[in-house]
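In what follows, a structure is listed as structure tokens, so that the remarks can point back to it.
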Amino acid sequence: MHPISVKLPAELHAALSLEARRRNISRSTLVREVIEQAYGDPGTAPPSCAELAGNLVGAVRSGRTDLATSRQLLEEAMLQDAQRAAADRRR
């Protein structure tokens with residue numbers, strides 16, 4: 001492992017120390033865990049939006065089977081969005 005030195009504000013240092021004490025691990029271990037969570041394994045790609053929202057797919061059922069392919073529904077939605085945006089600009 002390679003050593004690194006980081007300067008932290010007092011509040012962040014206190015929070016880091018408190019969490020490390022609470023979990024009964026060293027501050028170094030806690031910092032490594034947080035960095036690994038934030039950046040993951042350098043050789044892997046970050047998850048896609050579909051992977052992140054995977055548990056939401058199909059959570060709401062509208063009864064319509066053509067929502068993703070209906071050109072008419074898309075045009076209606078775009079018109080509604082434009083009308084809402086125009087109304088917001090008038091305020």
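The values are calculated or read from the model by the stated rules, or taken from the named source; none is laboratory data. Note that the structure is a prediction, hence the values are computed from the model and not measured. When we count neighbours, we look across all protein chains shown, and the Cβ atoms used for this are built from the backbone with ideal geometry, even at glycine.
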Being assigned to a loop (DSSP other than H, G, I, E, B), modelled with pLDDT of 75 or more and surrounded by 10 or more Cβ atoms within 10 Å (Cβ to Cβ) is the filter here; which residues of segment 42-85 pass it? PRO47, ALA53, GLY54, SER70
Of everything in segment 1-20, what is in a helix (DSSP H, G or I) and surrounded by 12 or more Cβ atoms within 10 Å (Cβ to Cβ)? Give them in sequence order. HIS13, ALA15, LEU16, SER17, GLU19, ALA20
